[in-house]
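Written below as structure tokens is the structure these notes are about.
Computed from the coordinates by the stated procedures, all read-outs in this text should not be read as laboratory data. This structure is a prediction, so every number in the text was calculated from the model and none was measured. Cβ sites come from the backbone with ideal geometry, for glycine too, and all protein chains shown count toward neighbours.
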């Protein structure tokens, strides 16, 4: 779906309960919100907002915040695949989207100052921006068309 629509959903990683209350524990949970447990919770919640027909698999890179992939798979039932190391071409849309996101969040930006509303506004800006690869449609238009096709193909006929 992301290859055909280029639709972007950004996941906000809030601080975990207990962040900055005590000294960090070596190999303990990443209370800053950027660890695997936080990522699994936030991403699982985001996946529940998507139509079930779109949830087929997820391809991740090899960041440590994604190390809880088995727990994510068990929670969501989604198969998780990994791109090969040093192979950004296997995640072309992801790399392109990262480049677009740099217009809003330059490299080195402290992302903790942005809240979920800010991320939703950026995702909306990207999803309502025409793309040459989509025949100058927006990702929102491409997603709408994709969902309409799914809906019409799943409706039973009476004849």
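Taking Cα extents along the principal axes in Å straight from the coordinates, which label in [x] 39, 32, 28; [y] 56, 33, 30; [z] 66, 36, 32 is the correct one?
Computed from these coordinates, Cα extents along the principal axes in Å corresponds to label [z].
I want to check the label-to-label distance for residue 71 and residue 84. Put each point 7 Å from Cα in the C-beta direction and report it in nm to one decimal.
The two pseudo-label positions are separated by 3.1 nm.
Would you mind getting me the FRET efficiency between residue 107 and residue 59? Use the beta-carbon distance for r and R0 = 30 Å, nearest 0.05.
Calculated transfer efficiency: 0.85.
Quick check: the angle from helix 92-101's long axis to the longest principal axis of the chain, C-alpha only, nearest 10 degrees?
70 degrees
Treat each spin label as a single point 7 Å out from the Cα along the C-beta direction, and report the residue 121 to residue 152 distance in nm.
Each label point is offset 7 Å from its Cα along the Cβ direction, giving 3.7 nm.
Pick from 69, 146, 12 the residue whose mean-square fluctuation is largest in a GNM of the chain, springs joining Cα atoms under 10 Å.
Between 69, 146, 12, it is 146 that shows the largest mean-square fluctuation.
How far is helix 36-47 tilted off the main Cα axis of the chain, in degrees rounded to 10, range 0 to 90?
Roughly 20 degrees, rounded to the nearest 10.
Going by C-beta contacts inside 10 Å, put 39, 70 in order with the fewest on the left.
Going from least to most buried by this count: 70, 39.
Between the helical axis of 116-127 and the dominant principal axis of the chain, each derived from Cα atoms, what acute angle in degrees is found, rounded to the nearest 10?
30 degrees
If you rank 58, 149, 134 by fewest surrounding Cβ atoms within 10 Å, what's the result? If you can, show how the numbers build up before the last one.
Details: 58 18, 149 10, 134 15.
Lowest count first: 149, 134, 58.
With label points built 7 Å along Cα→Cβ from the Cα atoms of residue 98 and residue 132, find their separation and express it in nm.
Those two pseudo-labels are separated by 2.2 nm.
Counting helices only, and only those DSSP H runs with n ≥ 4, report the 222 nm mean residue ellipticity of the chain as the sum of -39,500 (n - 2.57) divided by its residues, in deg cm²/dmol to the nearest 500.
Computed ellipticity for the chain at 222 nm equals -11500 deg cm²/dmol.
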